[in-house]
Amino acid sequence: MNLAQFSANKEVAFIILLIIGLLVFATLLFFIWGKLKPEANLIELKLRTKSWWTMALVFILAIVINPIISYFAFGLLSFMALREITTISKNVRDVDRRIMIWCYIAIPIQFILAYNGYFNLFVIFIPVVMFIFISFMLVIKGETTEIGRSMSVIPTQLMLTVFSLSHLAFLLSLPQIAGFNAGGRGLLLFVVFITEINDVFQFTWGKLLGRHAIIPKISPNKTWEGFIGGIITTTVLGYFLRFLTPFSEVESLVVSFVIACAGFVGDVVVSAVKRDIGLKDTGNLIPGHGGILDRIDSLAITSVVFFHIVYNLYYS
Amino acid sequence: MRSVFLFIIYRVIMRNFLRVIVGVKYSNIAVLNKHQQFILVANHNSHIDTMALMSALSFTQLKSTHPVAAGDYFGKSPLKSFITRLFTNALLIQRTKNAEGQNPIQAMSASLVKGDSLILFPEGSRGEPQKMQQFKKGVGLLLKKHPNIAYIPVYMTGMGRILPKGERLLIPFDSYVVFGEASYSQTDDTEAIVKEIEEKIIALGVAFQKSIFE
């Protein structure tokens, strides 16, 4: 797709301009906020803004130059996420070290399936093929002490990182539908934007009104007020952004509501994984290092949920 | 030529490979730019350690920095010795005293006098992954002789899982190179110098773990 087509696709062009505007606003806001109140802890917010900039730039590059860039970018992102989760995981034994190479080999295979749009293979490759294959490789290794734990932890790690993010790439391989211009790019923008904005509003409403903790043992900052406020805001925004999707008015409300809930689920699931090994809630605190799981936590669930809703409604 | 070769190997190829694929992350790397000559003292778990430290160096530093390596391991055959020297600028020393009385400290000292920098792993060998062994006293003798040369303690973690001793298959894991602040040896006592460095590296490790875990 070249620049001329880019400007022709008005839906996508509009939302990209909106996103860049929001990012400029957020960057300036946190910069000035940090200057006025140096004691405020804005590391998490600044890191988030930085990763949004990266996402937005990769997305624009992919549209202007070649869509294949997106597949590589999501592949690299899931690779780094998998590396991070296997590094911090203490539930895998030292003898499983070599098994990890199969997980890394699975990444290009999964993204090639996504690129070619082989839907049936794509949905079973990690949950079925890799699940059986990894279990078998663990058995061949012959170390049976606590083998069950490795058999469940390693495929779960693949699911949370590679399987989930590859759905974002598959959105781009969906066929064109008559009368729906934005296409896979629109769907991708919709789910990523709605997920991130949901994170932001759950956080913001929680800060403003938060009183009642929702699951204090996992995530002390999550409150009922933040959760409900986030869901309402996200649902309303999703309704206005439905031009990126083939959804009807009612569908857009329901889907945005479901994404908001799924985002919350992803957030607390990853928080629980980290809590289990005593990792700090904000991930790695060295600025600019790691913390990829923190960036993709909610996306890991929303991508899969959204993909299957869209697929079953419009593409099957 | 030599510096261009090393620059391409380390800064262009190795550094990007380590950061993007292997998962090596640097902290406080800027300390290297503040000093012309230094001795990097680090804990040792894997061959990745040397690669990670070399990749941190600048264009000019690469040419004049020598990792100190065991001659009885890397110099076992002429080919191994040639490859080691070609790719790493290594200074090969004998870990065990030999009959000719060749003193490893003298070789290191000579290269410091020339104005070169050194990379030292005072644990001597890679040992078990993620476990630190007692430091050997060579670094103390060296710093006693050259109190005007800065040493930089470096704590590394995670490399032992990427490529443990005896393994050939490299598996990516997040790993960290944490540079401490440069300092000069204060005393004349060899043991005290070694102990001071060992404690500094352990302290870097403790502070690092604390920044990640609760």
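Here are some notes:
- The listed residues are B:LEU170, B:LEU163, and the only one of them that is among the aliphatic types (A, V, I, L, M), within 14 Å of chain A (Cβ to nearest Cβ), out of contact with any Lys or Arg (no Cβ under 6 Å at 6 or more places or on another chain) and over 23 Å from B:THR65 (Cβ atoms) turns out to be B:LEU170.
- Members of the range A:73-99 found to be touching a residue at least 24 places away in the same chain (Cβ under 8 Å), out of contact with any Lys or Arg (no Cβ under 9 Å at 6 or more places or on another chain) and not in a loop (DSSP other than H, G, I, E, B), listed by number: A:PHE74, A:GLY75, A:SER78, A:PHE79, A:MET80, A:LEU82, A:GLU84, A:ILE85, A:THR86
- The residue of the range A:84-115 that is nearest to the other protein chains (Cβ to nearest Cβ), among those that are within 15 Å of A:VAL273 (Cβ to Cβ) and not hydroxyl-bearing (Ser, Thr, Tyr), is A:GLU84.
- Filtered residues of the range A:51-98 (kept if surrounded by fewer than 20 Cβ atoms within 10 Å (Cβ to Cβ) and more than 28 Å from A:PHE193 (Cβ to Cβ)): A:THR87, A:SER89, A:LYS90, A:ASN91, A:VAL92, A:ARG93, A:ASP94, A:VAL95, A:ARG97, A:ARG98
- Each residue in the range A:100-125 was checked for being under 21 Å from the mean Cα position of the chain (by Cα) and either within 16 Å of B:MET159 (Cα to Cα) or outside any helix (DSSP H, G or I) (or both), and 1 of them qualify.
- The set of residues from the range B:166-214 being among the aliphatic types (A, V, I, L, M) and closer than 22 Å to B:GLN133 by Cα comprises B:VAL177, B:VAL178, B:ALA192, B:ILE193, B:VAL194, B:ILE197, B:ILE201, B:ILE202, B:ALA203, B:LEU204, B:VAL206, B:ALA207.
- Of the set (1) away from every other protein chain (no Cβ under 11 Å); (2) at pLDDT 90 or above, all apply to A:ASN66 but (2).
- Screening the candidates B:SER58, B:SER64, B:SER77 for the property of being surrounded by fewer than 22 Cβ atoms within 10 Å (Cβ to Cβ), of a type in the set (Gly, Ala, Ser) and either at positive phi or free of Cβ contacts under 8 Å to residues at least 12 places away in the same chain (or both) yields one hit, B:SER77.
- For A:PHE59, the criteria (1) under 23 Å from the mean Cα position of the chain (by Cα); (2) closer than 30 Å to B:GLY160 by Cβ hold in every case but one, which is (2).
- Pair list, Cβ < 6 Å and 6+ apart or interchain, from the range B:189-214 residues that are free of Cβ contacts under 8 Å to residues at least 12 places away in the same chain to residues that are loosely packed, with under 12 Cβ neighbours inside 10 Å and not polar (S, T, N, Q): B:PHE213/A:GLY278; B:GLU214/A:GLY278
- Scope the range B:1-59; condition among the basic types (Lys, Arg), more than 14 Å from every other protein chain (Cβ to nearest Cβ) and in contact with a Lys or Arg (Cβ under 9 Å, 6 or more places away or on another chain); matching residues: B:ARG2
The values are calculated or read from the model by the stated rules, or taken from the named source; none is laboratory data. If you're wondering where the values come from, they're calculated on a predicted model, not measured in any experiment. Note that each Cβ is placed from the backbone with ideal geometry, even for glycine, and that neighbours are counted across all protein chains shown.
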